[in-house]
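Chemist: Okay, here's the structure, questions in a sec.
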Amino acid sequence: MSGLVARNDQGVPALHGVDLAVGAGEVLGVAGVAGNGQVELAEVLAGVRPVHAGNVAVDGADLAGLPTRQWLDTGVAYVPEDRHRDGILGAASVTDNLLLGSQRDKAHRRGGLIQWRRVREHAVATIDRYTIKTPGPDAPAGNLSGGNIQRLILARAFDREPSVLVLQNPTRGLDLRSARFVYERVQEARDRGCAVVLISEDLDELSLLADRMVVLYSGRIVGERRRGDYDAYALGRLMAGVQETA
């Protein structure tokens, strides 16, 4: 990402020339107080919010301005902050929600038609693998608990073996067991070479998972730290807009 400028839902600039890079097998943490451009950053990186200026490149290919489908095909996966509003179709079944984003994949189609028996079998296997507690694959996704909705969203993201994973506050509102499950999946993604961008307001979470951390304030990157140099007091000052001095 280079020189990134993006607007919020009211059309006001929310990101101002942001430069970020994350490597394969790295977790980049983005710290900040809510309302400083985190939502816009996550959505731009996931290809669901337009870029006003700058570029977002994966393996050298600029994806800015391209349809969301091409972001998915390039290997970008997204775990949004609001799992109910942005993560699932509440009235649709667990099976349908697991299929979202991959309904055009050849693995699920024959002769241009979705093979629903195969899709359902895959959903049953995924439910078991991710221990999603549900009455069955045909149950409405909106009836699941928050932790199980998050497992569903993670299962859908990881099923495509993404090369880039963007997560925003992925454990907000979850119990300790569900949060630990999320942490393990993030670490597994990093270990298999995925580039992970973890946007979170929880410094403990970032300190646990991030190999490198940047601070976002008023739509700008105002500081960077590497593992071994995480100081909660210094990071807190940056998050409050107190600039570093030489």
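Chemist: When you scan region 9-24, how many residues do you find that are in a strand (DSSP E or B) and either of a type in the set (A, V, I, L, M) or within 15 Å of V222 (Cα to Cα) (or both)? Walk me through it before giving the result.
Modeler: Step one: filter region 9-24 for residues in a strand (DSSP E or B), giving 13-18.
After this cut, where a residue has to be either of a type in the set (A, V, I, L, M) or within 15 Å of V222 (Cα to Cα) (or both) as well, the list is 14-18.
Adding up the residues that qualify gives 5.
Chemist: Quickly run through region 1-20 and pick out the residues that are surrounded by fewer than 14 Cβ atoms within 10 Å (Cβ to Cβ) and either closer than 17 Å to S200 by Cα or acidic (D, E) (or both).
Modeler: Selection gives D9, D19.
Chemist: Anything in region 172-186 that is part of a loop (DSSP other than H, G, I, E, B) and either closer than 13 Å to L209 by Cα or more than 15 Å from the chain's Cα centre (by Cα) (or both)? List them, or say none.
Modeler: Within region 172-186, the first condition is being part of a loop (DSSP other than H, G, I, E, B), and the residues that meet it are 172-175.
Result: G173, L174, D175.
Chemist: Among the residues of region 52-78, which ones are touching a residue at least 60 places away in the same chain (Cβ under 8 Å), in a strand (DSSP E or B) and of a type outside the set (V, I, T)?
Modeler: A77, Y78
Chemist: In addition: Here's a check for you: in region 101-130, which residue that is touching a residue at least 24 places away in the same chain (Cβ under 8 Å) and outside any helix (DSSP H, G or I) is farthest from E184 (Cα to Cα)? So that I can check it myself, show each step before the final result.
Modeler: Step one: list which residues in region 101-130 are touching a residue at least 24 places away in the same chain (Cβ under 8 Å), which gives 101-102, 104, 119-120, 122-123, 126-127, 129-130.
Then drop every residue that is not outside any helix (DSSP H, G or I), which leaves 101-102, 104, 130.
On the way: G101: 23, S102: 24, R104: 29, Y130: 12 Å.
Among those that are touching a residue at least 24 places away in the same chain (Cβ under 8 Å) and outside any helix (DSSP H, G or I), it is R104.
Yes/no per residue for (1) crowded, with 19+ Cβ neighbours inside 10 Å; (2) out of contact with any helix residue (DSSP H, G or I) (no Cβ under 7 Å at 6 or more places or on another chain):
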| site | (1), (2) |
| --- | --- |
| T68 | no, yes |
| A77 | yes, no |
| T95 | yes, no |
| L99 | yes, no |
| I114 | no, no |
| R117 | no, yes |
| D128 | no, yes |
| A139 | no, no |
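Chemist: Please verify whether R156 is over 19 Å from the mean Cα position of the chain (by Cα), surrounded by 14 or more Cβ atoms within 10 Å (Cβ to Cβ), of a type outside the set (F, W, Y) and closer than 19 Å to R69 by Cβ, treating the condition exactly as stated.
Modeler: Working: over 19 Å from the mean Cα position of the chain (by Cα): no; surrounded by 14 or more Cβ atoms within 10 Å (Cβ to Cβ): yes; of a type outside the set (F, W, Y): yes; closer than 19 Å to R69 by Cβ: yes.
No: the conditions fail for R156.
Chemist: Just to be sure, is G146 at pLDDT below 90 and surrounded by fewer than 18 Cβ atoms within 10 Å (Cβ to Cβ)?
Modeler: Working: at pLDDT below 90: yes; surrounded by fewer than 18 Cβ atoms within 10 Å (Cβ to Cβ): yes.
So G146 fits the description; yes.
Chemist: Here's something else I'd like to know. Taking V44, is it crowded, with 23+ Cβ neighbours inside 10 Å, hydrophobic (A, V, I, L, M, F, W, C) and under 15 Å from the mean Cα position of the chain (by Cα)?
Modeler: Numbers: crowded, with 23+ Cβ neighbours inside 10 Å: yes; hydrophobic (A, V, I, L, M, F, W, C): yes; under 15 Å from the mean Cα position of the chain (by Cα): yes.
Criteria met by V44.
Chemist: Among what's in region 25-51 and is out of contact with any helix residue (DSSP H, G or I) (no Cβ under 9 Å at 6 or more places or on another chain) and in a loop (DSSP other than H, G, I, E, B), pick the residue that is nearest to D73 (Cα to Cα).
Modeler: G37
Chemist: Output the residues belonging to region 79-93 that are surrounded by 16 or more Cβ atoms within 10 Å (Cβ to Cβ) and in a helix (DSSP H, G or I).
Modeler: Of the residues in region 79-93, the ones surrounded by 16 or more Cβ atoms within 10 Å (Cβ to Cβ) are 79-81, 83, 86-88, 93.
Result: R83, D86, G87.
The values are calculated or read from the model by the stated rules, or taken from the named source; none is laboratory data. Computed from a prediction, not measured in an experiment: that's the story for all the values here. Glycine gets a Cβ as well: all are built from the backbone with ideal geometry, and neighbour counts include every protein chain shown.
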